[in-house]
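The values are calculated or read from the model by the stated rules, or taken from the named source; none is laboratory data. Note that the structure is a prediction, hence the values are computed from the model and not measured. Here Cβ is always computed from backbone atoms with ideal geometry, including for glycine, and neighbour counts include all displayed protein chains. Remember, those area values only see protein heavy atoms, side chains included, never the ligands or the DNA or RNA. Shrake-Rupley method; radii C 1.70, N 1.55, O 1.52, S 1.80 Å.
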Amino acid sequence: MNFINEQWAETAMTWEYAAAASPDLVDIPIQVFPSQLHEEGETRIIGLDLSEIIGTPYSATTPNLMANYLRICQNDKIQTVVQASSEVFFVMRGKGRTETDSGTLTWQPGDAFTLPINRGMTHYAQEDAALFWVHDAPLLQYLGAIPATPRFEPIYYSKSYLDREITRVREASIRENRNRNGVILGNPASEKNRTMTHTMWSLYNLLPKGAMQKPHRHNSVAIDLAVYAESGTYTLIGKEIDSQGNIINPVKAEWKPNTVFVTPPGLWHSHHNHSNSDAYVFPVQDAGIQIYMRTLDIQFVK
Ligand SMILES: [Fe+2]
């Protein structure tokens, strides 16, 4: 018999509890990825990769998610293939179509679509196009897992559908003077957790002109796409709030159209619109898995 006790004992180790209970991991940075990244050059995938900062051996924007810009020149195409359990695409610019195993989807600016595990797809641009693409491959790479079973059916959310939904919510928000004018994208398979997919969460959020959405915080990371905003629209982000509910020494992330910024987990953030136009943001978060784990811990300043 081949006894392996000694061999397995060789690398056994322990850490003293009090010293090791809060390991000193690098914070996820507040990071901006300007729209210029997808406005020039040839057709390509532009990874919004923070792996060198957060210390993952694979591409990642946050520990669980990888965000990308897809730039597709007019009449050109690009393939996307990834080992992920959830993917979301948001069309920032241009018209085109995506060919998948189950058929062809046409799209235009403001459309979004989600897919579970799949064998890849090819995106064709009828005119100069840019898509925002987020998937959960980093989570699977951390687990050493390959997705095997689709957890939901693909969904197409057209811009006209999302606008209709937000109009419906907005009328009620104005009546009740709510802090939020947004709709969480849904999927029948996520009915219980109310998330876009089982791992990812997204909100189509309207920040009306002149509005301020007070600070809130949550344990999910947000990868925020500013869909539309005029100058004077921004998010303030910081670690602490004062007794008045204002964020202390905040970092300001401007909402520039088709620009992405990362809001780290646990930090307070408030949205401000001092412009004369309504603004829209499309945050993608790992809140699907956080809600499932009961660890999202979202808190609002009253
Ligand atoms: Fe948030």
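List of remarks:
- Spatially proximal lysines relative to residue 159 (Cα-Cα < 29 Å; intrachain offsets below 8 disregarded): 77, 95, 192, 209, 214, 252, 256
- Per residue value of the accessible surface for segment 32-156 (all protein chains in place, 1.4 Å probe), Å²: 46
- Inter-site label distance for residue 36 and residue 299 at 7 Å from Cα along Cβ, in nm: 3.8
- Ligands, DNA and RNA aside, residue 300 has an accessible area near 110 Å² when probed at 1.4 Å.
- Exposed GluC sites (Glu not before Pro) absent: longest stretch of the chain, with sites in DSSP loops and at most 13 other Cβ within 10 Å deemed exposed: 43-126
- For residue 146, the accessible surface of its heavy atoms amounts to roughly 130 Å² (probe 1.4 Å, protein chains only, rounded to the nearest 10).
- Residue 38 sits among other residues whose Cβ lies under 12 Å from its own Cβ, and their net charge, with Lys and Arg +1 and Asp and Glu -1, is -1.
- Per-atom-type breakdown for the chain gives carbon and sulfur 51% of the accessible area (1.4 Å probe, protein chains only).
- Label-point gap, in nm, between residue 10 and residue 106 - each point 7 angstrom along Cα→Cβ: 6.3
- Net charge, residue 60 excluded, C-beta distance under 13 Å - Lys, Arg +1, Asp, Glu -1: -4
- Rg and Dmax of the chain, both derived from C-alpha coordinates alone, stand at 20.5, 78 Å.
- Accessible area per residue in Å² at 1.4 Å probe, computed on segment 158-300: 47
- Taking every protein chain into account, the 1.4 Å probe leaves residue 272 with about 20 Å² of accessible area, to the nearest ten.
- Where labels lie 7 Å past Cα in the beta-carbon direction, separation of residue 194 and residue 243 in nm: 3.4
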